[in-house]
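Enquirer: Before I ask anything, here is the structure I am working with.
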Amino acid sequence: MYDLIKKAVHDDEAAIAISKMDKDVCEVVDAISELSLEDAMKLGMQFKRFPLGCDLTEVVAGTCASDLELMDLLGNCRLSDMIGSPIHICAYAFSDIGEKFGMTGLEVMQKVHEIVDVPLDLDHFGENGAMRLPKNISGCGGECYNKGPAFTECPRGRIHERLIDKELEQKDDKEEWVKLSSSVAVNVTSEQTGDGHAAPLREAVDIANLAKKYGRGLESIMFVGDGHDEVITGFEKSIEIGADIIVVEGGPFNRCENTTEAFAKTIAAARILSPGKVVATNGAYEHEVRAGLRTGLNMVITGFPKNHHGYMCGYEPGTARRGKFGLPRIIQIINEEFPNRGLPVQKHDLLAIATAVKIVGQDYVYPAKIGDYHVGDAHWATLVNSRMYQNIKLKHTLSEIVDLADGNTISLHGGRFISWVIAKELDKYVDEIIISDVDDWVLKNTVDNLQGALNATVIAENDDKAAAESADFSVASSTMISVRDNVLRKVPDALTII
């Protein structure tokens, strides 16, 4: 495995071979541990490229804290929605706010669900539903992150305290929380020697099963720990419970001598091992965040003032403490690492992806496959369970697009995932499908993948005009407005799907 992974740093064919094979966690972690930091970063970015993974970079915002006013929570959620940042729901904080205002935690969740369109990511949720924590934890000042750099337990020696009686009072609401969510996070760090940091694995398994029951995305939170044995355990337990998204926590839970290298190598391994091809962090010092972004990190969970995620990402020891507004800092860090990219993902980007998902239909997207690859990734699957997705009005359904495509040779302009599904549906009726895309990487891999999955002859063409001239009918198969407009300048008669 080491030779293949070493080759995959620079070789597309080796990376594709790895993406298609069954992977042993130990072998992947061991192989990456032998790489230099520079090669590990290159490997991670290689596996973030289409169609091997997901090339989005986004910020998820924790909008809540137990001592917020309800009005401030709702305002934070509206602001997060306006910029297109999915909302990370700390269930204990929603419940604490609800208690203060004569509501249940679920009623607070319902209020948020009614006013935002972005996906809702549920966390701090256990076998009794919303976890309830004592004030010394819910109002924690963040000593572990502020003191740094490495702890096996809370610096104050606390265990994972819970107010079980309060949890049981609202246990009947448990499934309703999940129904309102797009994804659910569980924690496997108790299996990585972090039993003082998280609930026992049985609770993660219970909630994982509930998330799967309702078709919600599942995130598994693990930490870097010792950088090897504990990383292996984290990946194995995450995969065992059926996680779609891997969330890697560094900060004080990265006990390695070289924390930058250990964090980057864990992200690189996650890029290969994550079933849903989405890799996130919920806690990482600034140097880890930057290294993670250079290694293919998709998602940084950050937060508004008083939310614990506000200080857990993007700050260094001595500056990381409760009250920090992490969201703008993380946005700035992302833009320093990837200048002039228009990152992180914004609401119009989410709308374009959600529209693509709605066109192709839930049955076609991840975890479904066409050929050797999932259609989209865990991002696509979680968008299905958002109000944004529910409220989209389509110009054409998938069946209408296929009915309108008249002829025996059809050109699809835009080679990403939506074209795969249109091609799959057209395959029943046509002999030739031309895929046109200006990105040679996208074009080659799309055509290679489709040719093995379809009966029609699949032809590559990187010039839109030439593709249209060879076809009986053309479809601008992108939900990105800028891509659609660019296609129309060259192929004015192309059918548009938005």
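The values are calculated or read from the model by the stated rules, or taken from the named source; none is laboratory data. Just so it is clear, the model here is predicted, and its values are computed rather than measured. Virtual Cβ from ideal backbone geometry, glycine too; neighbours counted across all protein chains shown. Calculation scope for accessible area: heavy atoms of the full protein, side chains included, ligands and nucleic acids excluded. Shrake-Rupley method; radii C 1.70, N 1.55, O 1.52, S 1.80 Å.
Enquirer: Condition (residue is under 27 Å from the mean Cα position of the chain (by Cα), touching a residue at least 12 places away in the same chain (Cβ under 8 Å) and farther than 30 Å from Gly84 by Cβ) applied to the range 156-169: is it met by at least one residue?
Expert: Yes - at least one qualifying residue is present in the range 156-169.
Enquirer: To continue, here is another question. Which numbered condition trips up Phe417, out of (1) out of contact with any Gly (no Cβ under 8 Å at 6 or more places or on another chain); (2) of a type outside the set (A, V, I, L, M); (3) closer than 28 Å to Val300 by Cα?
Expert: (1)
Enquirer: Let me ask something additional. Counting just the residues of the range 85-132 that are among the acidic types (Asp, Glu), over 24 Å from His379 (Cα atoms) and assigned to a helix (DSSP H, G or I), which one comes out most open to solvent (accessible area, probe 1.4 Å)?
Expert: Glu99
Enquirer: Tell me the residue from Ser474, Ser419, Ser470 that is over 31 Å from the mean Cα position of the chain (by Cα) and surrounded by 23 or more Cβ atoms within 10 Å (Cβ to Cβ), please.
Expert: Ser474
Enquirer: Let me ask you something else. In the range 381-409, which residue that is under 15 Å from Ser478 (Cβ atoms) and either more than 25 Å from the chain's Cα centre (by Cα) or at pLDDT below 95 (or both) is most open to solvent (accessible area, probe 1.4 Å)?
Expert: Of the range 381-409, the ones under 15 Å from Ser478 (Cβ atoms) are 394-396, 398, 401.
From the residues that got through so far, the ones that are either more than 25 Å from the chain's Cα centre (by Cα) or at pLDDT below 95 (or both) too are 395-396, 398, 401.
Working: Lys395: 104, His396: 32, Leu398: 22, Ile401: 1 Å².
Only one residue tops the list, namely Lys395.
Enquirer: Here is a further query. Which of the residues spanning the range 184-228 are open to solvent by 20 Å² or more (accessible area, probe 1.4 Å) and closer than 22 Å to Val289 by Cα?
Expert: Residues satisfying the conditions are Asn187, His197, Asp226, Gly227, His228.
Enquirer: Still on this structure: When only residues in the range 30-47 that are open to solvent by 10 Å² or more (accessible area, probe 1.4 Å), more than 16 Å from Lys444 (Cα to Cα) and in contact (Cβ under 8 Å) with a residue 12 or more places away in the chain count, which is nearest to the chain's Cα centre (by Cα)?
Expert: Met45
Enquirer: Then there is this: Which of the residues belonging to the range 405-414 are among the small types (Gly, Ala, Ser) and assigned to a loop (DSSP other than H, G, I, E, B)?
Expert: Ala405, Gly407, Gly414 - these are the residues of the range 405-414 that are among the small types (Gly, Ala, Ser) and assigned to a loop (DSSP other than H, G, I, E, B).
Enquirer: Among the residues of the range 49-59, are any under 16 Å from Met1 (Cβ atoms), open to solvent by 10 Å² or more (accessible area, probe 1.4 Å) and of a type in the set (Asp, Glu)?
Expert: Checked the range 49-59: no residue is under 16 Å from Met1 (Cβ atoms), open to solvent by 10 Å² or more (accessible area, probe 1.4 Å) and of a type in the set (Asp, Glu).
Enquirer: When you go through (1) under 13 Å from Val360 (Cα atoms); (2) in a loop (DSSP other than H, G, I, E, B); (3) β-branched (Val, Ile, Thr) one by one for Val402, which number turns out not to apply?
Expert: Among (1) under 13 Å from Val360 (Cα atoms); (2) in a loop (DSSP other than H, G, I, E, B); (3) β-branched (Val, Ile, Thr), the lone unmet condition for Val402 is (2).
Okay, residues lined up against (1) more than 27 Å from Leu74 (Cβ to Cβ); (2) open to solvent by less than 10 Å² (accessible area, probe 1.4 Å); (3) without any contact (Cβ under 8 Å) to a residue 40 or more places away in the chain; (4) part of a strand (DSSP E or B):
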| site | (1), (2), (3), (4) |
| --- | --- |
| Asn307 | no, yes, no, no |
| Gly310 | no, yes, no, no |
| Tyr315 | no, no, no, no |
| Thr319 | yes, no, no, no |
| Arg322 | no, no, no, no |
| Pro328 | no, no, yes, no |
| Ile333 | yes, yes, no, no |
| Pro339 | yes, no, yes, no |
| Pro344 | no, no, no, no |
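Enquirer: Then there's this: Are any residues in the range 133-167 in contact with a Lys or Arg (Cβ under 6 Å, 6 or more places away or on another chain), part of a helix (DSSP H, G or I) and at pLDDT 95 or above, and if so, which ones?
Expert: Answer for the range 133-167, where residues must be in contact with a Lys or Arg (Cβ under 6 Å, 6 or more places away or on another chain), part of a helix (DSSP H, G or I) and at pLDDT 95 or above: Lys166, Glu167.
Enquirer: Inside the range 442-483, can you point out the residues that are without any contact (Cβ under 8 Å) to a residue 40 or more places away in the chain and among the charged types (D, E, K, R)?
Expert: Lys444, Asp448, Asp463, Lys465, Glu469
Enquirer: Filter the range 179-228 down to the residues that are farther than 19 Å from Pro275 by Cβ and of a type in the set (Lys, Arg) and list them by number.
Expert: Lys179, Arg202
Enquirer: Of everything in the range 247-281, what is open to solvent by 10 Å² or more (accessible area, probe 1.4 Å) and either touching a Lys or Arg at 6+ places or on another chain (Cβ under 7 Å) or assigned to a helix (DSSP H, G or I) (or both)? Give them in sequence order.
Expert: Thr259, Thr260, Glu261, Ala262, Lys265, Leu273
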